[in-house]
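Undergrad: Just dropping this structure here.
The values are calculated or read from the model by the stated rules, or taken from the named source; none is laboratory data. What you see is a predicted model, and the numbers here were worked out from it, not measured in a lab. Methodologically, a virtual Cβ is constructed for each residue, glycine included, from the backbone with ideal geometry; neighbour enumeration extends over all protein chains shown.
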Amino acid sequence: MSAVARRTTPRRCDALIRRFSRARLLVVGDLMLDQFIWGRVDRISPEAPVPVVHVTRESFHLGGAANVVHNIRALGGQATACGVIGRDSSGQRVLKELQGIGADTEGVVISRGSVTVRKTRVIAHNQQVVRFDHEPDEQATGAVRRLQRFLRDHVSDFDAVVVSDYGKGVVSAELLAVLAAARKRRPFRLIVDPKKPNFPHYCGLTLATPNVHEAADAAGIEIRDAASLRRAGSLLLEEWDAEALLITRGEQGMTLFTRDGLVRHFPTAARQVFDVTGAGDTVVAACALALAAGATLDDAALLANHAAGVVIGKLGTATLSAAELRTAVISDQ
């Protein structure tokens, strides 16, 4: 179906990763807070057939688009967050955490009419027991307009723009139209992690990074084998007017499609899988950083594949450093 991607050289890998620090990225999307409640299960509740979790600790991490920002900063890139948070404790924590990792928060809109998205996961014995989601029914109109105004005024300041779409209302047809108009005025790299509500609205992309289920849904094709994967990839390149498409396929690795007809397969780089939470954020962050640093699409996908292989070997919402990425690539030579 496709050629297996060539291996990069340690020298080229090192040169690209060293250039990450000069890359200026804007991340627009659904800023979230990930809360983890950790504990152990010793018995079943007498009230209902559910486990009783004895809580031992809790932790908070940047999630959604904020986790993309975190990944970029952990890899050494410069990142500006652009999204909406509420005037609540979760929003305050997101803002503090972003500032704490050295991210620029000039594009973060704080709105009284918005609720900060928070996902609470209960983990017992390294297994997720249940998840609670706090999210707004819709984003406040005034906040969305302020965010779009920021994009119009500042999008040309960056080497690449990442759209981290979690379907929570920040990314819309109107926002994507703002980016499309800005890109016509002054071309820039536009990398999108897509979600279903906006499948009809993506257009003029440098790269899209759907997982295999999203790609099948967007293309309207059941992906069962190499042939159906190729059909879906080709269709989405046309539908989204994209230069390239990187479909992540879990344990089967990733497949890169480009407009010139090339198809490259990247076998999974994971050695051990503990948690896939946030792996898509790592992929889009690594791809965007690599492209902003001057990487080819092949090299960007390869670096993203290795980056994802590292983070899914960690428990919870995780990131990796430039040194970890460099080691992962070199150890595969």
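Undergrad: Being out of contact with any helix residue (DSSP H, G or I) (no Cβ under 8 Å at 6 or more places or on another chain) and under 15 Å from residue 256 (Cα atoms) is the filter here; which residues of the range 195-218 pass it?
TA: 205
Undergrad: Would you confirm whether any residue within the range 94-104 is under 25 Å from residue 311 (Cα atoms), without any contact (Cβ under 8 Å) to a residue 24 or more places away in the chain and among the basic types (Lys, Arg)?
TA: Scanning the range 94-104 turns up at least one residue that is under 25 Å from residue 311 (Cα atoms), without any contact (Cβ under 8 Å) to a residue 24 or more places away in the chain and among the basic types (Lys, Arg).
Undergrad: For residue 182, only one of the following conditions fails: (1) touching a Cys at 6+ places or on another chain (Cβ under 9 Å); (2) crowded, with 17+ Cβ neighbours inside 10 Å. What is its number?
TA: Against the list (1) touching a Cys at 6+ places or on another chain (Cβ under 9 Å); (2) crowded, with 17+ Cβ neighbours inside 10 Å, residue 182 comes up short only on (1).
Undergrad: Follow-up. Residues 59, 90: which one is assigned to a strand (DSSP E or B), farther than 28 Å from residue 291 by Cβ, in contact (Cβ under 8 Å) with a residue 24 or more places away in the chain and among the hydroxyl-bearing types (Ser, Thr, Tyr)?
TA: Of the residues listed, the single one that is assigned to a strand (DSSP E or B), farther than 28 Å from residue 291 by Cβ, in contact (Cβ under 8 Å) with a residue 24 or more places away in the chain and among the hydroxyl-bearing types (Ser, Thr, Tyr) is 59.
Undergrad: Taking residue 226, is it small (Gly, Ala, Ser), under 21 Å from residue 298 (Cβ atoms) and within 21 Å of the chain's Cα centre (by Cα)?
TA: no
Undergrad: Would you mind telling me which numbered condition in (1) of a type outside the set (A, V, I, L, M, F, W, C); (2) assigned to a helix (DSSP H, G or I); (3) in contact (Cβ under 8 Å) with a residue 24 or more places away in the chain residue 166 fails?
TA: Failed condition: (2).
Undergrad: Please work out which one of (1) out of contact with any strand residue (DSSP E or B) (no Cβ under 6 Å at 6 or more places or on another chain); (2) modelled with pLDDT under 95; (3) assigned to a loop (DSSP other than H, G, I, E, B) is the condition residue 316 fails and give its number.
TA: (1)
Undergrad: Please go through the range 165-201 and give me each residue that is of a type in the set (Lys, Arg) and more than 18 Å from the chain's Cα centre (by Cα), ordered by number.
TA: 183, 184, 185, 186
Undergrad: Can I ask one more? For residue 8, indicate whether it is polar (S, T, N, Q) and either modelled with pLDDT under 95 or more than 26 Å from the chain's Cα centre (by Cα) (or both).
TA: yes
Listed here are the residues, each with its yes/no results for (1) of a type in the set (Ser, Thr, Tyr); (2) outside any strand (DSSP E or B); (3) buried (at least 18 other Cβ atoms within 10 Å of the Cβ).
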{"residue": "95", "(1), (2), (3)": "no, yes, yes"}
{"residue": "99", "(1), (2), (3)": "no, yes, no"}
{"residue": "109", "(1), (2), (3)": "no, no, yes"}
{"residue": "114", "(1), (2), (3)": "yes, yes, yes"}
{"residue": "121", "(1), (2), (3)": "no, no, yes"}
{"residue": "142", "(1), (2), (3)": "no, yes, no"}
